[in-house]
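The values are calculated or read from the model by the stated rules, or taken from the named source; none is laboratory data. From a predicted model like this one, the values you see are computed outputs, not experimental measurements. Using ideal geometry, Cβ is built from the backbone for each residue, glycine included, and neighbour counts are taken over all protein chains shown. Quick note on the areas: whole protein, heavy atoms, side chains included, nothing else; ligands and nucleic acids left out. Shrake-Rupley method; radii C 1.70, N 1.55, O 1.52, S 1.80 Å.
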Amino acid sequence: QVQLVESGGGLVQPGGSLRLSCAASGSIFGFYAMSWYRQAPGKQRELVAQINNLGLTIYSDSVKGRFTMSRDIPKNTVYLQMSSLKPEDTALYLCNIDFGRYGYWGQGTQVTVSS
């Protein structure tokens with residue numbers, strides 16, 4: 001069993017920055033990838049960024065160049081550094097860990113970009 005706890009969300013003005021954290025407890029040995037998704041009201045959940053077990057990252061086109069995903073292996077934590085935030089980035093940001101045949105989700109952290 002793995003638990004994921006996200007933190008770092010909040011209200012920020014357009015153009016601002018936030019750093020989200022996702023801490024995993026329990027054994028994550030053998031995981032395939034950890035990801036950040038987001039879901040805005042009335043919209044489908046979308047993949048924002050992913051880091052695999054080799055440390056390789058991918059990003060959605062909508063955040064490429066503005067968001068950076070990283071990890072701290074000893075702390076079992078991944079981060080999402082978000083810069084140049086736009087109102088359309090407003091969403092609930094959720095962390096996911098994928099073991100291939102199953103995965104776990106966190107509860108999410110709300111990010112609101114508004115002036």
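About the Cα centre of the chain, what is the dipole size in debye to 20, counting +1 per Lys and Arg Cβ and -1 per Asp and Glu Cβ, all else neutral?
For this selection, approximately 40 debye.
How much accessible area per residue does region 1-82 have, in Å², with a 1.4 Å probe?
Ligands and nucleic acids excluded, the figure is 57 Å² per residue.
R0 = 25 Å: FRET efficiency of Ser60 with Ser27, Cβ-based, nearest 0.05?
Calculated value: 0.30.
Give me the percent relative contact order of the chain, please, defined on Cα pairs under 8 angstrom at least 6 residues apart.
For the chain, the relative contact order is 37 percent.
Run the numbers for Thr112 and Gln81: contour at 0.36 nm per residue of separation, minus the present Cα-Cα distance, in nm.
Extra length available between Thr112 and Gln81 comes to 9.7 nm.
So if each residue of separation counts as 0.36 nm, and I subtract the Cα-Cα distance between Trp105 and Gln1, what length gain in nm does that give?
This chain segment gains 36.3 nm when fully extended.
Per residue of region 56-65, in order, report the coupling 6.51 cos²θ - 1.76 cosθ + 1.60 (Karplus, θ = phi - 60°) as ³J(HN,Hα) in whole Hz, putting x for Gly and Pro.
Listing the rounded values in order: 7, 10, 9, 9, 6, 4, 5, 10, 4, x Hz.
Please list, in order along region 102-107, the HN-Hα scalar couplings obtained from phi with the Karplus expression 6.51 cos²θ - 1.76 cosθ + 1.60 (θ = phi - 60°), rounded to whole Hz, x for Gly and Pro.
7, x, 9, 10, x, 7
Can you compute the FRET efficiency between Gln39 and Ile73 using 1/(1 + (r/R0)^6), with r the Cβ-Cβ distance and R0 = 25 Å? Round to the nearest 0.05.
0.35
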